[in-house]
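Novice: Quick one: structure below, then a few questions.
The values are calculated or read from the model by the stated rules, or taken from the named source; none is laboratory data. Here the structure is a predicted model, which means the values were calculated and not measured. All Cβ positions, even for glycine, are placed from backbone atoms using ideal geometry, and neighbour counts span all protein chains on display. For the accessible areas, the whole protein counts, side chains as well, though only heavy atoms, and no ligand, DNA or RNA atoms are used. Shrake-Rupley method; radii C 1.70, N 1.55, O 1.52, S 1.80 Å.
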Amino acid sequence: MSTTTMTIAKAITAGLRRVLEENPKSLLIGEDIGRLGGVYRVTDGLLGEFGSDRVVDSPLAESGIIGTCIGMAIRGYSPIAEIQFDGFVFPGFNQITTQLAKMRARSEGRFGAPVVIRIPYGGGIGSIEHHSESPEALFAHTAGLRIMAPSNAHDAYWMIQQAAASQDPVIFFEPKRRYWLKGEVDTENPAPDAFRAQVVRPGNDATIVTYGPLVPVALAAAEAAVEDGRSVEVIDLRSVSPIDFDTITESVEKTGRLIITHEAPTFGGIGGEIAARVSERAFLSLEAPVIRVGGFHMPYPVAKVEEQYLPDIDKLLEALDRSFAY
């Protein structure tokens with residue numbers, strides 16, 4: 001039987017194991033990923049299976065981790081780096097945006113940069129700044145990077161393998177507060193192309209677009225909206241760069257209303273790009289302005305008030321009310 005129940009964390013572990021088994025040039029590198037198995041135990045057990053040459057405990061130096069991965073990729077390896085927490089990536093930001101993302105263009109296509117950078121991201125874990133952030137828009141603005149964000153175990157299992165197979169660098173954002181969310185994983189039938197969005201709940205009256213940790217919230221809001229007689233379609237982007245605008249546009253042309261939600265601040269966020277593209281592509285189909293629901297334009301707050309910062313079911317239902325008021 002090819003279907004089994006896994007948490008998102010264990011699905012990523014299983015996906016990484018399969019990558020290491022099938023590609024002898026692949027290896028993992030990151031802080032505490034070997035003996036400890038990572039802070040969230042996503043790499044637990046892999047050191048014993050594959051050895052310290054392929055599951056490498058690095059120094060506490062994100063710039064060094066990324067720079068090492070770039071060098072290995074140029075020499076024919078396929079490194080997968082773990083950044084321990086979202087906010088820890090910034091010491092390596094220069095390497096990612098000015099070196100890694102530019103390799104294919106700089107070499108005029110003579111070589112790629114098959115590097116995957118795994119980043120546990122987002123809030124909802126009762127932590128502080130640098131441990132609860134959503135920096136995906138900063139990377140999406142940089143051409144040359146692909147950005148994935150799975151929301152369920154089946155996608156997590158297959159998308160990490162699709163990321164590892166890419167000849168372009170991939171930032172793989174893992175929704176850390178959903179690591180323990182269980183789901184069915186079919187280990188024989190792959191998930192759809194990681195760069196295609198999926199309609200995870202069909203509807204006719206409004207569309208909610210989201211990704212990563214907020215997919216369960218959007219689904220719960222859509223279920224709650226049934227009591228108001230509203231049929232809400234939910235789209236899981238899965239990829240933040242590139243974005244599957246065709247699937248979004250098709251949905252909005254049907255429903256006429258669009259809500260976009262992400263944990264990152266709405267100011268300068270991915271939602272703004274989606275809103276602009278939909279306004280260009282489907283303006284005459286819109287019955288109301290596109291509404292964005294996200295974090296505030298401020299540093300991530302302390303744990304005792306983070307629930308007021310994060311989008312939730314009530315905020316999405318309020319956004320739907322505003323949309324239907326037009």
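Novice: Which of the peptides 150-159, 180-189, 125-134, 273-282 is most tightly packed, and how do the rest follow, judged by the mean count of other Cβ atoms within 10 Å per residue? Kindly include the intermediate steps, with their values, before the conclusion.
Specialist: Numbers: 150-159: 26.4, 180-189: 14.2, 125-134: 19.0, 273-282: 16.7.
Put in order of decreasing packing, that is 150-159, 125-134, 273-282, 180-189.
Novice: Once you have the Cα-Cα distance between Asp246 and Glu227, take 0.36 nm times their residue separation minus that, and quote the gain in nm to one decimal. Intermediate values should be presented prior to the final figure.
Specialist: Numbers: separation 19, 0.36 × 19 = 6.84 nm, distance 2.97 nm.
Stretched out fully, the Asp246 to Glu227 stretch lengthens by 3.9 nm.
Novice: If you don't mind, another one. Taking percent of Cα pairs over 30 Å apart as the quantity of interest, determine which of (i) 30; (ii) 25; (iii) 33 was computed from the displayed structure.
Specialist: So the structure-derived entry is (iii).
Novice: If you count the DSSP beta bridges with both ends in the chain, what percent of them are antiparallel, to the nearest 5? Numbers along the way, then the final one.
Specialist: Details: 10 of 42 bridges.
Percent antiparallel among DSSP bridges in the chain is about 25.
Novice: Now a separate question. Positive end of the dipole of segment 111-249, charges at C-beta (+1 Lys, Arg; -1 Asp, Glu), about the Cα centre: which of Tyr179, Asn152, Ile128 has its Cα farthest in that direction?
Specialist: Ile128
Novice: Looking only at Asp44, Asp53, Asp312, which one moves most when the chain is put into a Gaussian network model with springs between Cα atoms under 10 Å?
Specialist: Residue with maximal mean-square fluctuation among Asp44, Asp53, Asp312: Asp53.
Novice: Of Lys182/Lys315; Lys254/Lys304; Lys102/Lys176, which pairs sit farther than 32 Å apart, going by alpha carbon to alpha carbon?
Specialist: Result: Lys254/Lys304 exceed 32 Å.
Novice: Collect residues whose amide H, placed 1.01 Å from N in the peptide plane, falls under 5 Å from the amide H of Leu27; neighbours closer than 5 in sequence don't count.
Specialist: For Leu27, whose amide H was placed from the backbone, the distant partners under 5 Å are Ser78, Ile80.
Novice: I want the local charge near Ile243. Using Cβ-Cβ distances under 15 Å, sum +1 for each Lys or Arg and -1 for each Asp or Glu among the other residues.
Specialist: Numbers: positive: Arg146, Arg196, Arg238, Arg277, Arg281, Arg292; negative: Glu136, Asp193, Asp236, Asp244, Asp246, Glu250, Glu273, Glu280.
Cβ neighbours under 15 Å give a net charge of -2.
Novice: Taking K and R as +1 and D and E as -1, what net charge do the other residues with C-beta under 15 Å from the C-beta of Ala282 add up to?
Specialist: Working: positive: Lys254, Arg257, Arg277, Arg281; negative: Glu233, Asp244, Asp246, Glu250, Glu253, Glu273, Glu280, Glu287.
Summing Lys/Arg as +1 and Asp/Glu as -1 gives -4.
Novice: What length, rounded to one decimal in nm, is gained on full extension from Leu60 through to Asp32, with 0.36 nm per residue of separation minus their alpha-carbon distance? Let's see the in-between values first.
Specialist: On the way: separation 28, 0.36 × 28 = 10.08 nm, distance 0.90 nm.
Extra length available between Leu60 and Asp32 comes to 9.2 nm.
Novice: Against the longest principal axis of the chain, how steep is helix 270-282, in degrees 0 to 90 to the nearest 10, with axes from Cα atoms?
Specialist: The helix 270-282 is inclined about 50 degrees to the chain.
Novice: Only helical DSSP H runs with n ≥ 4 go in: add -39500 (n - 2.57) per run for the chain, normalise by residue count and round the 222 nm mean residue ellipticity to 500 deg cm²/dmol.
Specialist: Numbers: 11 runs with 106 residues, N = 326.
For the chain, the value works out to -9500 deg cm²/dmol.
Novice: Mind giving me the FRET efficiency for Ala325 and Lys25? R0 is 45 Å, r the Cβ-Cβ distance, nearest 0.05 is fine.
Specialist: Rounded to the nearest 0.05, the efficiency is 0.20.
Novice: Given a 1.4 Å probe and every protein chain left where it sits, what share in percent of the accessible area of segment 198-325 is carbon and sulfur?
Specialist: Details: 2850 of 5490 Å².
Whole-percent figure for carbon plus sulfur exposure: 52.
Novice: Once the convex hull of the alpha carbons of segment 1-111 is built, what does its volume come to per residue, in cubic angstrom? It would help to have the intermediate numbers written out before the result.
Specialist: Numbers: hull volume 13.6 nm³, N = 111.
Per residue, the Cα convex hull of segment 1-111 comes to 123 Å³.
Novice: Comparing Asp228, Asp32, Asp86, which has the greatest mean-square fluctuation in the GNM of the chain with Cα pairs linked when under 10 Å apart?
Specialist: Among Asp228, Asp32, Asp86, the largest GNM mean-square fluctuation belongs to Asp228.
Novice: Average projected area of the Cα convex hull of segment 3-186, in nm²?
Specialist: Numbers: hull surface 38.3 nm².
Result: 9.6 nm².
Novice: Please identify the trypsin sites (Lys or Arg not before Pro) of segment 102-172 that satisfy two criteria: DSSP loop assignment and at most 15 other Cβ atoms within 10 Å. Which are they? Walk me through the numbers on the way to the answer.
Specialist: Values: sites: Lys102, Arg104, Arg106, Arg110, Arg118, Arg146; in loops: Arg110.
Hits after loop and neighbour filter: Arg110.
Novice: Still on this structure: Place the peptides 171-179, 74-82 in order of packing, highest mean first, counting for every residue the other Cβ atoms within 10 Å and averaging per peptide.
Specialist: Numbers: 171-179: 24.7, 74-82: 19.1.
Result, highest mean Cβ count within 10 Å first: 171-179, 74-82.
Novice: GNM, the chain, Cα, under 10 Å: largest mean-square fluctuation among Thr98, Thr13, Thr207?
Specialist: Taking springs between Cα atoms under 10 Å, the residue moving most is Thr98.
Novice: Suppose the chain between His141 and Ala303 were pulled fully straight at 0.36 nm per residue; how much longer would it get relative to their current alpha carbon spacing? Please list the in-between numbers first.
Specialist: Numbers: separation 162, 0.36 × 162 = 58.32 nm, distance 2.89 nm.
So the extension gain works out to 55.4 nm.
Novice: With a point put 7 Å past each Cα toward its Cβ, work out how far Arg196 is from Gln99 in nm, to one decimal.
Specialist: 3.6
Novice: Would you tally the net charge around Val170, using a Cβ to Cβ cut-off of less than 11 Å, leaving Val170 out, and scoring K and R as +1, D and E as -1?
Specialist: Numbers: positive: Arg118, Arg146; negative: Asp168.
Residues close to Val170 contribute a combined charge of +1.
Novice: Evaluate E = 1/(1 + (r/R0)^6) for Gln167 and Ser279, where r is the Cβ-Cβ distance and R0 equals 25 Å; express this FRET efficiency to the nearest 0.05.
Specialist: Values: r = 34 Å, r/R0 = 1.34.
Calculated value: 0.15.
Novice: In Å³ and rounded to a whole number, note down the convex hull volume per residue for the Cα atoms of segment 198-325.
Specialist: Working: hull volume 12.6 nm³, N = 128.
Taking the convex hull of the Cα positions in segment 198-325, it is 99 Å³ per residue.
Novice: If you fit an axis through the alpha-carbon atoms of helix 313-324 and take the longest principal axis of the Cα set of the chain, what angle between them do you get, 0 to 90°, nearest 10?
Specialist: Once rounded, one gets 50 degrees.
Novice: Roughly what angle does helix 215-225 make with the longest principal axis of the chain, taking Cα atoms, 0 to 90 degrees, to the nearest 10?
Specialist: Once rounded, one gets 20 degrees.
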